1. If you average the C-alpha positions of segment B:87-126 and of segment A:32-81 separately, how far apart do those two centres end up, in angstrom?
2. Could you work out the pair-distance distribution P(r) of segment B:184-248 from its alpha-carbon pairs, with 5 angstrom bin width and percents rounded to whole numbers?
3. Gain in length, residue B:191 to residue B:134, computed as 0.36 nm per residue apart minus the alpha-carbon separation, to one decimal in nm?
4. If you wrap a convex hull around the alpha carbons of segment A:1-109, what volume per residue comes out, as a whole number of Å³?
5. Residue A:15 versus residue B:179, label points 7 Å from Cα toward the beta carbon: distance in nm?
6. Quick check on segment A:1-63: take the gyration tensor over C-alpha atoms, sort the square-rooted eigenvalues as a ≥ b ≥ c, and tell me if it's rounded (a/c under 1.5), prolate or oblate.
7. With no solvent and one equal point scatterer placed on each C-alpha of segment B:77-122, evaluate the Debye formula and give log10 I(q)/I(0) for q = 0.13, 0.14, 0.20 Å⁻¹, two decimals.
8. What FRET efficiency would be calculated for the residue pair residue B:241, residue B:7, taking the C-beta separation as r and a Förster radius of 60 Å, to the nearest 0.05?
């Protein structure tokens, strides 16, 4: 296994090494896709979220955050943002995306695909902590580092978001949050 | 992810990185130190030319001139950071400086569209929305920038701007804190100014009332009369000249 951290690959990419960026994509695309499948209604959309997420990573290349050398938490945060408004993200990169072959059509989305419905009751900031904590299993410290906020803030958002989900609007997700 | 699509995305990303565009995508301009903590009473200007931007950013004024009648005069900390952006951006504000409690924000659109912005740790109540028209842009930033302050806790913060894909904007941020109120003294030795945070009042308390034709007028109430209900006289800072009335309900 390649020992280079994302952070060091990133440095190479910043120096113009496209293949380094490709390696970061190889490393994390599956995880980002899986995450996206929970947040958007179709496979097609999820693939688009993945593409836009990595394009966003490059666009925001001087502001990405690494948690213990890994870009994954930041990518997941960005994917959650992108999933919130796929069409807007896709518009920004329309010229690039239209050159791609059509994504695989209409594979039914996974059973977790409707998590986005439950998450709609949450603000984006609460949604970020819930997806990272409950869906992805990151620790509060890792979430704090990925979002660039205090750990106490993560804790309070998490508690607020769980309360809101507990209001009966999202029983399926609630089961998962209480585990 | 289907293999063809996957491979095509990868190729696109690799190409995108390898063929780096020379045009800076983002301009971050750090203005001069505009206010010391004990700095000027009124706003200052930062002239900023954003590298790579098509038009120079005009001088920005952070904060409105403070006087006895504006609600919260501010002291500013450190640098005003002027950012230009296109579409959505989330960026770090960094660590709140010691002593600062507020973030003073000035937003200006530079192309028409719908814009909204807020500190990332604010919920919807901090969300400012702004519809920008050609007329608004033509009026210039000094005429029509949106200004707001946010109270932020210690630690690091980030800020979110949402805009249409090609909508351009400029945002200035400066850490600040409310300036301690100071009173002045008139020729008769009476103090005048605003109520202090410990609730003490000067001899003449700044208040906005109405003049005889019903227009709003700035003046001072005699603190000795503050407890009296009904219509109070509003004086100039000399404590003698009557400039209007204030209804004390």
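Any read-out appearing in this document is the output of simple, stated calculations on the displayed coordinates, not a laboratory observation. All of these numbers come straight from a predicted model, not from anything done at the bench. For neighbour counting, all protein chains shown are included, and Cβ atoms are generated from backbone atoms with ideal geometry for every residue, glycine included.
1. Taking the Cα centre of segment A:32-81 as reference, the centre of segment B:87-126 is 23 Å away.
2. Reading upward from the zero bin: 4, 21, 29, 26, 14, 6, 1, 0.
3. Taking 0.36 nm per residue and subtracting the Cα distance, the gain is 15.8 nm.
4. Dividing the Cα hull volume of segment A:1-109 by its residues yields 110 Å³.
5. The answer from the label model is 5.0 nm.
6. Because a/c hits 1.5 or more and a/b exceeds b/c, segment A:1-63 counts as prolate.
7. Results for segment B:77-122 at q = 0.13, 0.14, 0.20 Å⁻¹ read -0.37, -0.42, -0.83.
8. Given R0 = 60 Å and the Cβ-Cβ separation, E is 0.15.
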